[in-house]
Amino acid sequence: MAGLDWTYGVSTLRQWESADYEPSLPVSEKSNPLTRDIDQASAYSIVKMLQLCDSQMFQEEAGTTYQRLLSDQVVKTLMEVAKRVEVIIKDPQESCVVMSGCGTSGRLAFLISSGFNKALSQLNQSKVYSYIIAGGDRALLSSQEAPEDDPRLGVLSLKKVCEGKKRVLFIGISCGLSAPFVAGQLDFCLHHPEVYTPVLVGFNPAHQARDEPIQDCTFTFHSVVQRMQELAKSQKAFLINPAVGPEAISGSSRMKGGSATKILLEVAFSAAHAATFSNTPITYNGVLQHMKAYERTLDVTYSQTDGITTLVEAAGQSLRCSRHVYYLGWGSLALLGLIDASECTPTFGADYEDVRGFISGGYRELNNNDGPLTSLGPKFSIAHEDFLHLILPCLTDKDTVLLIYTHPDDVTEVGNMARRVREKTPNLHAVYHQADGDTAASLQQDDIKKLCLSTLKITWPREALASGTLQHMQRELSTKLVLNAVSTGAHVLKGKIYQNHMIDLQVTNTKLYRRATRLLQKLSACPEENCEEALLKAIYRVDMLTVEMTSSDITTHTCFARNSTKVVPLALVILLTSWSLVEAESHLKQQPIVREAVAQWMW
Ligand code: F6P
């Protein structure tokens, strides 16, 4: 936390750890005391709150309640996982590493597997990393929550990826230790130990793993974790589950959960690569130092608070007047833009057009399993050419455009794009990374700077430890932090958040259904059954629920909810007033700023 000079909330940094703080909730679902007033904060304060929340990732372990990122046990487990990866890299024909997850967890599995496969290709080695995302490749760019509930689908996709392999290191990522899709895969691995070694990555202590029955299954996530804990004693399974503190927006695991996933897996894989290709043994200190390099990434990034604040303000203004935010990126940093943009739909109930990402080279650069997805609809148009054809002609100065690149990228191309955009709007900004003392591209850089309203230059110290690959991964994390701040901050400024809760969440799977019910209880102080009843009325858009509706299971409700909007705000109005559904809907239409609407009914 070096460089943290902002005192607001420092005393509450560890408050969430207290045993009586929201005791019924796992860490990943708790609300963060630091951000309780984020909905009333200025852009600058929002960024500062996010910095504090992120700094909680690297807090030291205190007592025995929670393992942390830098805890002894976590470092040691990463070393063991790295050793398994090393064995696999040396035997690419018969073995592989598979990462799997839902939503952001699956997107990061894709990002990380792409990066490390590329590193192998550059060394003329065979690729060993594969990714699985619940809902398939379309979920890389759009929200697909329902498959998260399906353990069989998880198993089928795992079997497909591993066909013919004799040794598989399976890494299941579920930030909340909750996704049935991942639980099914881990359970399958536990039944086939001759081939599969399961690793679980998540951010709750084991006893907080979800214990809700999974349809047609004899196991729960919790029971799978218990079996893994038993096998972990003989290193036949591994659990990497430090707590990183509650998310800035409650339950939004795309933020710290995603960042910590990236850090942990990259540390393990980098150690394995260094051991295989540069004879650097996997050591405790090596792993620890690598983790600490990521801690410095936070300092380097947030030393640019003013620049990030400018971007949050610009993006917030665009969203407030129903205009758009566009990320135009190059290389893997562009992928972080695509990921950040895709998460706005499920997290903030946003339209896909509100925040959009584009990548230079389109699907050629993305290189995903299923190839181009453009035929799936307009939201899958992701190339810069698509931006130029579809978006640029209608661009106005109310839209915010963000160029995202790093020094080795083609700065000439960045300059050309900047000029094209500048012809339509002055609301152009740049985020770029450069190594300290790197002056090679500065002339072209100066030209780009002149075209931009603001330029966020992130300068990286030339550390002895930082290899080119580590530097690049740090730049990716830094970009993730900036973009998460931009999209989260902009939606907060748009009034999408109440206190630190996303009220307008989509209720499209069991986890989200439970979260919505809890939120309604918290905000209305009504009993659980009344809240669930109101939620169902809002989902089915009726004043009187039929027996068929009340007797259906959650999967049926969440399927139906896919086509309903403003479900939770509507349910809240129903609970807090005596209005009919039609009246409640019409009031919500008159007050589209959800935070203000809710505040109005709360008093
Ligand atoms: O249900 C949707 C979602 O909450 C996504 O926003 C998130 O990225 C995903 O689930 C994965 O959650 P977890 O990593 O906890 O399984």
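Of all aspartates and glutamates in the structure, the ones whose alpha carbon falls short of 20 Å from that of Lys379, not counting any fewer than 8 places away in one chain, are Asp137, Glu145, Asp340, Glu343, Asp351, Glu353, Asp354, Glu365, Asp370, Asp399. Note on region 227-273: with neighbouring protein chains present and a 1.4 Å probe, carbon and sulfur make up 53 percent of its accessible heavy-atom surface.
With a cut-off of 19 Å on the backbone N, no residue of region 113-134 is near the modelled label site 7 Å out from Thr374 along Cα-Cβ.
Each residue was assigned an accessible area with a 1.4 Å probe, and for His389 the value is about 140 Å². Can you give the Rg to Rh ratio for region 373-496, taking only C-alpha atoms and Rh from Kirkwood? Here Rg/Rh amounts to 0.99. By the rule of a C-alpha distance below 14 Å, with chain neighbours fewer than 8 residues away ignored, the aspartates and glutamates paired with Lys233 are Glu80. As an exercise, use a Förster radius of 51 Å and the Cβ-Cβ distance of Leu388 and Thr550 to find the FRET efficiency, rounded to the nearest 0.05. The computed FRET efficiency comes out at 0.50.
Under the convention that each Lys and Arg Cβ holds +1 and each Asp and Glu Cβ holds -1, the size of the dipole of region 98-163 around its Cα centre is about 280 debye. What the pair-distance distribution of region 23-107 shows, using all Cα-Cα distances binned every 5 Å from zero, is 3, 10, 12, 14, 18, 16, 10, 8, 5, 3, 1, 0 percent. Global dimensions of region 337-444 from alpha-carbon coordinates: Rg and Dmax equal 15.0, 45 Å. The simple spin-label model puts a point 7 Å past each Cα toward its Cβ; for Trp579 and Lys159 those points are separated by 5.1 nm.
A 1.4 Å probe run over the protein chains yields, for region 199-246, 42 Å² of accessible area per residue, whole-number rounding. Residues in region 571-584 carry Karplus couplings, in order, of 4, 5, 4, 4, 5, 8, 10, 9, 6, 6, 4, 5, 4, 4 Hz; the curve used is 6.51 cos²θ - 1.76 cosθ + 1.60 with θ = phi - 60°, and Gly or Pro positions show x.
Counting only protein heavy atoms and using a 1.4 Å probe, the accessible area of Glu230 comes to about 110 Å². Each part reduced to its alpha carbon centroid, region 24-66 and region 68-123 end up 28 Å apart.
Note on exposure: Thr35, Thr197 ranked by accessible area (1.4 Å probe, complete protein assembly) read Thr197, Thr35, with the most exposed listed first. The lysine pair tally for region 474-603, using Cα distances under 23 Å and a gap of 8 or more places or different chains, is 18. Excluding same-chain neighbours fewer than eight residues apart, the lysines reachable from Lys236 by a Cα-Cα span under 27 Å are Lys76, Lys83, Lys90, Lys127, Lys159, Lys160, Lys165, Lys166, Lys262.
The separation of region 164-197 from region 291-339, counted between C-alpha centres, amounts to 33 Å.
In Å, the Kirkwood hydrodynamic radius of region 154-211 over pairs of distinct alpha carbons? Each step should come with its number before you reach the end.
On the way: mean 1/r = 0.0854 Å⁻¹.
Roughly 11.7 Å, rounded to one decimal.
The alpha carbon convex hull volume per residue for region 496-603 rounds to 90 Å³. The share of accessible area on region 463-565 that comes from carbon and sulfur is 53 percent, using a 1.4 angstrom probe. Think of each Lys and Arg Cβ as +1 and each Asp and Glu Cβ as -1; about the Cα centre, that makes the dipole of region 70-211 roughly 440 debye.
Computed from the Cα positions only, the extents of region 244-383 along the three principal axes stand at 53, 37, 26 Å, in decreasing order.
Within the assembled protein chains, the solvent-accessible surface assigned to Lys166 is about 120 Å², based on a 1.4 Å probe. By accessible area, using a 1.4 Å probe on protein heavy atoms only, region 98-147 has 42% of its surface on carbon and sulfur. Separation of region 541-556 from region 364-379 is 37 Å, based on Cα centroids.
Can you check how the C-alpha radius of gyration of the chain compares to 2.2 N^0.38 Å, as a plain ratio?
Ratio of Cα Rg to 2.2 N^0.38 Å: 0.93.
The residues of region 537-593 expose on average 55 square angstrom of accessible surface per residue, using a 1.4 Å probe on protein heavy atoms. Normalised per residue, the accessible area of region 10-76 is 40 Å², obtained with a 1.4 Å probe and no contribution from ligands, DNA or RNA.
Please figure out what share of the DSSP beta bridges in the chain is antiparallel and state it in percent, rounded to the nearest 5.
Details: 2 of 47 bridges.
Of the beta bridges lying entirely in the chain, close to 5 percent run antiparallel.
Which shape class applies to region 235-321: rounded if a/c is under 1.5, otherwise prolate when a/b exceeds b/c and oblate if not, where a ≥ b ≥ c are the square roots of the Cα gyration tensor eigenvalues? Can you show the working numbers first?
Numbers: a/c = 3.08, a/b = 1.93, b/c = 1.60.
Here region 235-321 falls in the prolate category.
The values are calculated or read from the model by the stated rules, or taken from the named source; none is laboratory data. The structure displayed is predicted, hence computed values, not measured ones. Quick reminder, even Gly has a Cβ in these numbers, built from the backbone with ideal geometry, and neighbours come from all protein chains shown. Accessible surface areas use protein heavy atoms only, side chains included; no ligands, DNA or RNA. Shrake-Rupley method; radii C 1.70, N 1.55, O 1.52, S 1.80 Å.
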